[in-house]
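Worksheet: the structure to be examined is printed underneath.
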Amino acid sequence: MQKEHSRYNVARIILIFWCLFIGVGALGGSVCMLLKPDGSLMGMQELLPYFQVLPFSETLFQDFVFSGFSLLLVNGIPNLIAAVLLFQKRKSGAVMGGILGLTLMAWICIQFVIFPNNIMDNLYFTFGILQALTGLAALIFYKQEHFIFERGDYPNVDNTSDTLVVYFSRMGYTRKIAYETANRLNAAVYEIKSTETTQGTLGFWWCGRYGMHGWDMPIEALQVDLTAYRKVIICSPIWVFGLAAPMRSFCRMAKGKLQRVDYILIHHMGASFTKVADEMDSLLGLKREHFYSIRCHVGSFRENKQSATISSSVN
């Protein structure tokens, strides 16, 4: 079986590079400063007068000892610790690596004040930006890929029920809402599956293409008799401010086959997406009874206050 592509692993490896690059460089620089406090080992003798603009310069900046220890404790050892945590694939490594990118930027900002403009400071400030952004990406991807879903956590899902929850889910968030809803209502569950690539980074961009154009996306043939259910609850993610392409295709297939319908829309914004619900009404040829808008932020859900509670949707 082919191993599923991990965006977190890619971001983690890149962040390890930044942590080692910054950490080893800071370690080497601090050792040079401590071995030769006058800065001669690094050719920095002429830079010491620039430190005179800093507070306590008469005691802390007569040589590079304090600067060497500061570089070691701020940028050296912490980056090496973050690299170890990232090698262990721990979430704290991504958090620490991203914070250290911001720390490097703050460090370079001080150097912007002390020294004349130079290419090294500009380069390292850019490195700090890249490290911080990579840390943020690694953290987001970690949360996405460690989004826990266990089918056994929903014992009340009942395939003999006259209520059906239909969903499409690329990352797993909509699936979780669908199963929670089915478990609460003792309903059956059916997953819509696309025949196109929807997983991983390639799937993200491919789905975005469909979302931007408002296209239908081909889906597998339905293996469920929709006419057998008294009520269908459709759970769909939002793609590029619109209805997810696979669910648009499902709505066209389901036209004229549903008796009663509710919608649950999952997204990352604060909008209610009423226009999406109106589009679903049009595609199905059926007016919805209830409509729920749920904001999902990397696994944390919050229902939009414009709707009633989901648990009251089936009578």
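Details
- Residue within the range 41-52 that is modelled with pLDDT of 75 or more and surrounded by 16 or more Cβ atoms within 10 Å (Cβ to Cβ) present: yes
- Extreme residue, surrounded by the most Cβ atoms within 10 Å (Cβ to Cβ), among residues of the range 270-315 that are at pLDDT below 65 and assigned to a helix (DSSP H, G or I): I310
- Test: residue in the range 206-229 that is in contact (Cβ under 8 Å) with a residue 40 or more places away in the chain, touching an Asp or Glu at 6+ places or on another chain (Cβ under 7 Å) and either among the charged types (D, E, K, R) or in a strand (DSSP E or B) (or both): no
- Consider the range 56-72 and keep the residues that are at pLDDT below 80 and touching a Pro at 6+ places or on another chain (Cβ under 8 Å). The one that is surrounded by the most Cβ atoms within 10 Å (Cβ to Cβ) is F64.
- For the range 227-245, the criterion of a residue being small (G, A, S) and over 16 Å from M171 (Cβ atoms) is satisfied by at least one position.
- Selection status of N122, without any contact (Cβ under 8 Å) to a residue 24 or more places away in the chain, outside any helix (DSSP H, G or I) and either surrounded by fewer than 17 Cβ atoms within 10 Å (Cβ to Cβ) or of a type in the set (K, R) (or both): no
- Qualifying positions in the range 142-167 - over 23 Å from Y8 (Cα atoms) and surrounded by 15 or more Cβ atoms within 10 Å (Cβ to Cβ): Y154, V157, D158, S161, T163, L164, V165, V166, Y167
The values are calculated or read from the model by the stated rules, or taken from the named source; none is laboratory data. All values reported here derive from a predicted model rather than from experimental measurement. Counting neighbours? That spans all protein chains shown, and the Cβs are built from the backbone with ideal geometry, glycine included.
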